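The values are calculated or read from the model by the stated rules, or taken from the named source; none is laboratory data. Predicted model, so just to flag it, every value in this text is computed and none were measured. Note: areas computed on protein heavy atoms with side chains; ligands, DNA, RNA excluded. Shrake-Rupley method; radii C 1.70, N 1.55, O 1.52, S 1.80 Å.
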Amino acid sequence: MTEREAYLVLNMLSGIGPVRLAALQEFVDSVEEIFTLSETELARIPGISESLAHKLCHWADHVDLEKELRLIERGGVTVLIRSDEAYPQPLREIHDSPICLYVRGTIPPETATHAIAMVGTRHISHYGEQMARHLAESAAYAKWVVVSGLAVGIDTVVHRSTVNAGGKTIAVLGSGLARLHPQENLQLARDIIATGGAVISEFPMTMSPTRHTFPMRNRIISGLSQGTVVVEAGLNSGSLITAAQAIEQGRRVFAVPGNVDTGAAGGCNTLIRKGAVLVESFDHILEEFDFLPGFDTLRSLSVLRDDSAPGVTPEMPAGFDDQPDEIHLGPAADAVLQVLKKGDLSLDSMAAQTGFPAQELLSAAIALEIMCRIKRNTDGTYRRIR
């Protein structure tokens, strides 16, 4: 088994993600060596259960590697692993960088220093469409790469506007490349590739989108970018998850203001109130990056977590795509909400009680804060609100 094949197998096995892979790699010299360990040896590794150890030892019963390799070749897809020079540098810097990155097209080299994420609601207003188009076109003219999620609404507008303006854009999918979603954006995906951009995913080729995969892909959208702009989003919008990921990754967060009596602007206005940079034109974004080396204007996490600003606490959020289903941030977030039912806890205490790594819980806690599900107390502990 080659290094690339080993990464592909690990990426396809359920139960193995970036965090567990990092735990495994502490005990081996190469990723291929993982598959030479016995079940007993694997089960001794922190975070690896007996059932997962069994799955690793019998991976061929769960993964069809040959089929995946055929689909990759037939689809003209390049699979990047972390040791590849072409693996995007910004993604290397996040703690849960994708195990594999499936790429159709070309990730522009400018992504390393000049990439901006633009996200927002699927239920787009005329104002949101105008602002999305204006910001995307301006980014294209400024030679910045625009990153988004290929969803209907804001994502579609920013991708299409970038392509039409002669710019380059990257679409990050919440499904495998052979299950492109939504299908109505298939031609847009082809246009993105044809104009020097890329359509990418961390998921195996035929994986269908689920309520879990969309929040997962959001960390890639923000992780690829130097900053994230939320163009239009209500209090229930999944775009706030992307903003939360950007904050956790230490990236800049921007938001376009909207009318206070418009529900679609509630999420953006809340972000601004908590410290996100107010954006009316792309010049406001450029200003945040136009400083002498070493002068960082990034809003601190403490500012973005300021709960002293007035505002009405929203009801429990609806679906991550502004759909009626409940937002699901993942098992770590579920664990945080469950354990905080017993009372206020610190991050370390939550890690001890849930078994999740503290870094993974921190990411979940930040997202839950922005969604107004929990609150960080002045002593560093967390309290469940809803």
Rounded to whole angstrom, the alpha-carbon centroid of the range 1-75 lies from that of the range 138-162 at a distance of 35
Debye log10 I(q)/I(0) for the range 92-160, one point scatterer per Cα, at q = 0.18 Å⁻¹
-0.77
Within the chain, count lysine pairs with alpha carbon atoms under 21 angstrom apart where the residues are 8 or more positions apart or belong to different chains.
5
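Counting only protein heavy atoms and a 1.4 Å probe, tell me what percentage of the range 11-149's accessible area is made up of carbon and sulfur.
On the way: 3240 of 6750 Å².
Carbon with sulfur: 48 percent of the solvent-accessible area.
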Under a Gaussian network model of the chain whose springs join Cα atoms within less than 10 Å, the largest fluctuation of 74, 160, 133 belongs to 74
Please work out which option in (1) 60, 53, 45; (2) 93, 70, 39; (3) 88, 46, 43 gives Cα extents along the principal axes in Å calculated from these coordinates, and answer with its label.
(1)
Keeping all protein chains in position, work out how much accessible area residue 212 exposes to a 1.4 Å probe, and write it in Å² to the nearest 10.
80
What is the range 1-139 by shape, rounded, prolate or oblate, if you read a ≥ b ≥ c off the alpha carbon gyration tensor as root eigenvalues and call it rounded for a/c under 1.5, prolate for a/b larger than b/c, and oblate otherwise?
prolate
